[in-house]
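Structure first, then comments.
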Amino acid sequence: MGSYVLRRVLQMIPVFFGATLLIFLMVYTLPGDPIAAMFGDKAADPATVANLRHKFYLDQPLWKQYLHYMGNVLTLDFGTSFTGRPVSEIMADAFPVTIRLALVAFFFEIVIGLTLGLLSGLKRGSFADTLVLVLTLVVISIPVFVLGYIAQTIFAIDLGWVTATVQDSKDITQLILPGLVLASLSLAYVARLTRTSIGENLRADYIRTATAKGLPRRTIIGRHLLRNSLIPVVTFLGTDLGALMGGAIVTEGIFNIAGVGNILYRAINQKEGPTVVGVVTVLVLVYLVASLVVDLLYAVLDPRIRYA
Amino acid sequence: MPAATRTRWAVIGATSVALVATGCGSSGSGGGSSDAGKSFSYQSSEPQNPLQPANANEVGGGRISQNLFKGLADYDPSNGKLRMQMADKIDTTDSQTFNVTLKSGWTFHDGTPVKAKNFVDAWNWGATTANNQINSSWFADIQGYSDVHPKSGAATKTTMSGLTVVDDTHFTIKLTNRVSYFPYKLGYVAFSPLPDGFFADPTGYGQKPVGNGPYQFVSWEHNSQIVTKAFANYQGVDKPKNGGVVFKMYTTAEAAYADLQSNNLDVMDQVPPSALANYKNDLGDRAIDAPQGSIQNIGFTLYQADWAGANKAKVRQGLSMAIDRDTITKTVLQGSRKPASAWVAEGVEGYKADACGDSCKFDATKAKQLITDGGGVPNNKLTITYNADGGHKEWVDAVCNSIRQATGVDCVGDPKTDFKTARAAITGHTINGAFRTGWQQDYPLNANFLADVYRTGAASNDFGYSSPQFDQLANTADQADSVQASVTGYQSAEAVLAQDFPAIPLWYYRTNSGYSTKVQNVKFDSFGNPAWTDVEVKG
């Protein structure tokens, strides 16, 4: 087990460097000069442009810029944004917000998704099952931004139950609506995945054995059926946590949440290299850690899976 | 932390924010009356640069700096005319040396008095190359600018010889050349004074500015909001009728509009295009439709042989006549623009309606005739370059359609991914034929729309337009003894544009906005900003 974890952690190093290099190349080779763009419609003043380019290390060849950047990152210095704020500070502001939002979404995904999946999986062919199938199909087929605007119009502007955008991201109650919108798609997948998995395992030999032994229904479902059926769901949930963190751009835009998505959107627009690379690098790390946790959870769910 | 505790904390957090936002004012209710202690919120965006007056040229930082600082003069929001603020008077006898007398009693928000030296120091600092101020070229008129900001290389001096402090309330500005309307420029935020404390730590100051304007800085939650409150000792003519402005950051206009509709945002910039069709229905008498000092043009690459010939002006006039401005502004742009009839925007001092004459009126027959007379469009094909991220596609396509139908000239839009890319292509001269261009007033005077755009070698002359006649008329106008004479002079210069036609004037922008039910007396000026200090928050 220990060596397995170590191997996985070591694997993260080349992935980390590879990902940052790719992002760096993509951001820094985009056409257009971000410094000249700061001057808007006015012609840029050459002396100031040259000065600023020098200040942000943009007057060096690309490979030097990358080495310079990585050198700083290894000392946990993610550089400075055009606003003069350290990128690490910007990230320290934005990540907690997005983590809160992602956790709210994750919570709905697990609670509602699993419940619906369990419900329809156990009672296949029933009315409830059909209803779940239809509802999840509807959610899957509607793009998130449409869902977001509909929810905003109905619940905030027409009914006035919630504020149209999030006024204070520390207030969990305000994050419920955006969290639901963000969770909607994955929620539908979780429900369907659980349903299928449970449907398959219900017919498995060990369930028949358990039933024949006269075990109470609670124990059969809780300890045997659910535990075995959760493996594919956990895999999905794990990678999805990473996706929730990065994929919040649309939801954060609609509900005006000052999280990672918002920062990233603005930074890409302004071609603010250090911020984009910094944020995406952290997102890559989140992904890596999440998938590591998923792999480790397998062993908990199914003791036969061992990482010798 | 258990969930229950967490929620309670969150509620406390939200309440304290609300208290700050309303300026902690005690609420006395009463319909129609206003409470001068209450703040209102305004749609904003995260400033791109530290908040230093000479560094704010985008709206996000610009509008906040404008409220935190007040210079010698500003523009009356009701009519766009120059209005004295910190200056008691700005005298000149030769339009080259200006003697400034300051009013007394003004202080910075930290209580230190504003002296003549605060202006001179701030301007010198803003102009010096090493300080990387985006607006440094604003000081270019002042004698000695080339010492602190040479065309290339490092500065040799840190002070401009043209600025002299006489005493605490007097200083003089000497310009390199005569510029009769120089005081008009002084309303720009870059000319604000800075307290002595600024120079010790300009970067730190940019995060926590101390100004002398109607509002003082309270806090900046990055990407979320900037809170300001009314400055009690403000001496300007526009004393705040509200308790402060909370600038809330929005990434999209859609989110701001949704907040406005549900009363979580009080005043916004501009409704999103998706709401243009029905915002007047949604908001009723709280909807705003006001003129702006901005124009949209189609410019030509006059530096290319294809467009350089003397006769080609006729072709450009013909193309202009082939554009049905009335229909396009009404349908495609949903009434959010007004057809242009001059190169200067409506409402600007010196605006002369119909300066463009018949060339800006739709007439397919004459259009075709003029294009033929001028030798036709090269290869009978016109490409209009524009940035695809600014919502320009629809009207560019409509303009092309109009040209195609009226004249048979093949016209296509040439989208560039974003503003940066389009600007790089335009200034790098890698485009062909025509491009979208626009101008938003820096100060509401016709010179700003003409000298800064069409003079030979002007910083924003992307056309490569060079007319000795225009330059000479502009120079004469600059030398004039009064602003009025200079305005008239520039009107004659504008007449030259009607002959040479370096760019097609399309339409003027409008402010399409609105406000919540919590505020009243919201009016917008020609910069597209509300008259901040006039906004009243209902009690």
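The values are calculated or read from the model by the stated rules, or taken from the named source; none is laboratory data. Source: prediction; values computed, not measured. Positions of Cβ are generated from backbone atoms using ideal geometry, with glycine treated the same way; all protein chains shown enter the neighbour counts. Just the protein is used for accessible areas: all its heavy atoms, side chains included, with ligands, DNA and RNA removed. Shrake-Rupley method; radii C 1.70, N 1.55, O 1.52, S 1.80 Å.
Just a few scattered comments:
- Some residue of region B:427-435 being within 14 Å of chain A (Cβ to nearest Cβ), at pLDDT 90 or above and open to solvent by less than 50 Å² (accessible area, probe 1.4 Å): yes
- For region A:1-60, residues that are polar (S, T, N, Q) and within 30 Å of B:H149 (Cβ to Cβ) total 3.
- Looking at region A:245-308, the helices (runs of 4 or more DSSP H) lying wholly inside it that each contain 2 or more residues that are buried (at least 18 other Cβ atoms within 10 Å of the Cβ) and away from chain B (no Cβ under 14 Å) sit at A:273-301.
- Qualifying residue in region A:8-19 (condition: open to solvent by 30 Å² or more (accessible area, probe 1.4 Å), under 24 Å from B:N135 (Cβ atoms) and aromatic (F, W, Y)): no
- Residue that is nearest to B:L445 (Cα to Cα) [pool: residues in region B:333-363 that are open to solvent by less than 20 Å² (accessible area, probe 1.4 Å) and among the small types (G, A, S)]: B:G350
- Residue that is farthest from the other protein chains (Cβ to nearest Cβ), among those in region A:71-109 that are open to solvent by 60 Å² or more (accessible area, probe 1.4 Å), assigned to a helix (DSSP H, G or I) and closer than 22 Å to A:G261 by Cβ: A:I99
- Pairs are defined by a Cβ separation below 6 Å, a sequence spacing of at least 6 or placement on different chains, a first member in region B:102-127 that is of a type in the set (S, T, N, Q), and a second member that is modelled with pLDDT under 95 and assigned to a helix (DSSP H, G or I); no pair meets this definition.
- Here B:N118 passes the criteria (1) within 14 Å of chain A (Cβ to nearest Cβ); (2) touching an Asp or Glu at 6+ places or on another chain (Cβ under 9 Å); (3) open to solvent by less than 30 Å² (accessible area, probe 1.4 Å); (4) assigned to a helix (DSSP H, G or I) except the one numbered (1).
- Matching residues in region B:245-259 - criterion: being touching a Lys or Arg at 6+ places or on another chain (Cβ under 9 Å) and at pLDDT below 95: B:T251, B:A256, B:D259
- Test: residue in region B:57-67 that is closer than 30 Å to A:V87 by Cβ, at pLDDT below 90 and either away from chain A (no Cβ under 12 Å) or in a loop (DSSP other than H, G, I, E, B) (or both): yes
- Residues located in region B:505-530, provided they are polar (S, T, N, Q) and either open to solvent by 10 Å² or more (accessible area, probe 1.4 Å) or not in a loop (DSSP other than H, G, I, E, B) (or both): B:T511, B:N512, B:S513, B:T517, B:Q520, B:N521, B:S526, B:N529
- Of the residues contained in region B:203-214, one or more are found to be hydrophobic (A, V, I, L, M, F, W, C), open to solvent by 20 Å² or more (accessible area, probe 1.4 Å) and either out of contact with any His (no Cβ under 7 Å at 6 or more places or on another chain) or assigned to a loop (DSSP other than H, G, I, E, B) (or both).
- Test result for B:S320, open to solvent by less than 10 Å² (accessible area, probe 1.4 Å), among the polar types (S, T, N, Q), within 27 Å of the chain's Cα centre (by Cα) and within 20 Å of B:D500 (Cα to Cα): yes
- Only listed residue being at pLDDT below 85 and either buried (at least 22 other Cβ atoms within 10 Å of the Cβ) or over 15 Å from A:N256 (Cα atoms) (or both), chosen from A:S169, A:S186, A:S141: A:S169
- Residue match in region B:148-168 (condition: within 14 Å of chain A (Cβ to nearest Cβ), hydrophobic (A, V, I, L, M, F, W, C), buried (at least 17 other Cβ atoms within 10 Å of the Cβ) and within 29 Å of B:T476 (Cα to Cα)): yes
- Cβ-Cβ contacts under 8 Å between residues 6 or more apart (or on different chains), taken from a first residue in region A:157-173 that is more than 15 Å from A:R100 (Cβ to Cβ) and more than 7 Å from chain B (Cβ to nearest Cβ) to a second residue that is open to solvent by less than 50 Å² (accessible area, probe 1.4 Å) and of a type outside the set (F, W, Y), are listed as A:V162/A:A156; A:V162/A:Q174; A:V162/A:L177.
- Restricted to region B:495-504, and to residues there that are out of contact with any helix residue (DSSP H, G or I) (no Cβ under 6 Å at 6 or more places or on another chain) and not hydrophobic (A, V, I, L, M, F, W, C), the residue that is surrounded by the most Cβ atoms within 10 Å (Cβ to Cβ) is B:P502.
- Boolean, B:K366 is assigned to a helix (DSSP H, G or I), more than 14 Å from every other protein chain (Cβ to nearest Cβ) and at negative phi: yes
- Annotation note: of B:I295, B:I323, the sole residue that is among the aliphatic types (A, V, I, L, M), in a strand (DSSP E or B) and closer than 23 Å to B:A367 by Cα is B:I295.
- Which listed residue is open to solvent by 20 Å² or more (accessible area, probe 1.4 Å) and within 14 Å of chain A (Cβ to nearest Cβ), from B:G413, B:G408, B:G390: B:G390
- Looking only at region B:265-285, and only at residues there that are assigned to a loop (DSSP other than H, G, I, E, B) and among the charged types (D, E, K, R), the one that is most open to solvent (accessible area, probe 1.4 Å): B:D269
- Listed by first and then second residue, the pairs linking a residue in region A:290-307 that is farther than 14 Å from A:G242 by Cβ and at pLDDT 75 or above to a residue that is open to solvent by less than 70 Å² (accessible area, probe 1.4 Å) and among the hydroxyl-bearing types (S, T, Y), with Cβ atoms under 7 Å apart and 6 or more places separating them unless they lie on different chains, are A:A299/A:Y307.
- The residue pairs whose first member lies in region B:258-270 and is more than 8 Å from every other protein chain (Cβ to nearest Cβ), whose second member is of a type in the set (D, E, K, R), and whose beta carbons are closer than 8 Å, counting only pairs six or more residues apart or on different chains, are B:L260/B:D266; B:N263/B:K518; B:L265/B:K248; B:L265/B:D259; B:D266/B:K518.
- Within region B:143-176, the set of residues being touching a strand residue (DSSP E or B) at 6+ places or on another chain (Cβ under 6 Å) and assigned to a loop (DSSP other than H, G, I, E, B) comprises B:Q143, B:M160, B:G162, B:T169.
- Qualifying positions in region B:326-349 - over 22 Å from B:D397 (Cβ atoms) and either out of contact with any Pro (no Cβ under 9 Å at 6 or more places or on another chain) or among the aliphatic types (A, V, I, L, M) (or both): B:A342, B:V344, B:A345, B:V348
- Candidate set: region B:68-115, residues that are part of a strand (DSSP E or B) and among the hydroxyl-bearing types (S, T, Y); chosen: the one nearest to B:A232 (Cα to Cα): B:T107
- Of all residues in region A:1-52 being over 30 Å from the mean Cα position of the chain (by Cα) and within 13 Å of A:K271 (Cα to Cα), the one that is modelled with the highest pLDDT: A:I35
- Some residue of region A:52-70 being part of a helix (DSSP H, G or I) and within 8 Å of chain B (Cβ to nearest Cβ): yes
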